[in-house]
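Step one of this worksheet: look at the structure below.
The values are calculated or read from the model by the stated rules, or taken from the named source; none is laboratory data. Since the structure is predicted, the reported quantities are computational estimates derived from the model, not experimental observations. For neighbour counting, all protein chains shown are included, and Cβ atoms are generated from backbone atoms with ideal geometry for every residue, glycine included. Areas reflect the complete protein model, heavy atoms only, side chains present, ligands, DNA and RNA absent. Shrake-Rupley method; radii C 1.70, N 1.55, O 1.52, S 1.80 Å.
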Amino acid sequence: KKNRLHRVTQLLEEVGLKDHAQQKAKSLSGGEKRRLEIARLLLEDPKILLLDEPFAGLDPRAIRLLKTHLSKLHQRGIHLIISDHQVTHILELCQEIVLLQNGEKLLHCSSEEFSQHPLAKEHYL
């Protein structure tokens, strides 16, 4: 139990929520709740995180903070799979992009190639 409490404190500090440790989750802002969700996931030491629209409903500051934390996770060797409609955020974070339409893969390329690719322009951009 002591080790678990230490790990929780460490993760809250890592995601910038140590000062909110005594608050109920429902009192946190949208961005703080998103970072708390990530901290909860990290308790299990995952190798891969699947995030569905992690930037939805967040203000620009919360998005910047979340991107910073996600980049740090990637640097630690945690793979991120992100499903999102906000391509600018995805292009900043991801090395590879897969464009799906009606459950079918239309395109799989690097983030550098994506914005110039004819299929991305036709179906997404």
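Determine, from the Cβ-Cβ distance of Q75 and L125 and an R0 of 30 Å, the FRET efficiency 1/(1 + (r/R0)^6), rounded to the nearest 0.05. That pair, Q75 with L125, gives E of 0.60. Dimensions of the stretch 1-43 from C-alpha coordinates, computed as largest minus smallest value along each principal axis and given longest first, are 28, 18, 14 Å. Beyond 27 Å in Cα-Cα separation lie the following of the pairs K24/K67; K33/K105; K1/K67; K47/K121; K33/K121: K33/K105; K1/K67; K47/K121; K33/K121. Within the assembled protein chains, the solvent-accessible surface assigned to L41 is about 80 Å², based on a 1.4 Å probe. Other residues whose C-beta falls under 13 angstrom from the C-beta of R4 contribute a net charge of +2, scoring Lys and Arg +1 and Asp and Glu -1. Remark: the chain carries 69 Å² of accessible area per residue (probe radius 1.4 Å; ligands, DNA and RNA excluded). Solvent-accessible area assigned to carbon and sulfur over the chain amounts to 51 percent, based on a 1.4 Å probe. Take the Cα radius of gyration of the chain and divide it by 2.2 N^0.38 Å, N being the number of residues; the result is 1.20.
In the complete set of protein chains, residue-level accessible area for S71 is approximately 50 Å², probe 1.4 angstrom.
Other residues with beta-carbon under 11 Å from the beta-carbon of A56 carry, at +1 per Lys or Arg and -1 per Asp or Glu, a net charge of -2. Charge tally around E112: other residues with Cβ under 15 Å, Lys/Arg +1 each, Asp/Glu -1 each, net -2. Along the Cα-to-C-beta direction of K105, a point sits 7 Å from the Cα; which residues of the stretch 46-81 have their amide N less than 16 Å from that point? Answer for this model: 81. Ranked from largest to smallest solvent-accessible area, with a 1.4 Å probe on the protein heavy atoms, D45, D84 come out as D45, D84. If you place +1 on the Cβ of every Lys and Arg and -1 on the Cβ of every Asp and Glu, how big does the dipole about the Cα centre of the chain come out, in debye to the nearest 20? Computed about the Cα centre, the dipole is about 900 debye. Computed from backbone phi with θ = phi - 60° and the Karplus coefficients 6.51, -1.76 and 1.60, the 3J(HN,Hα) list for the stretch 49-61 is 10, 9, 10, 9, 6, x, 9, 4, x, 9, 7, x, 5 Hz; x is used for glycine and proline.
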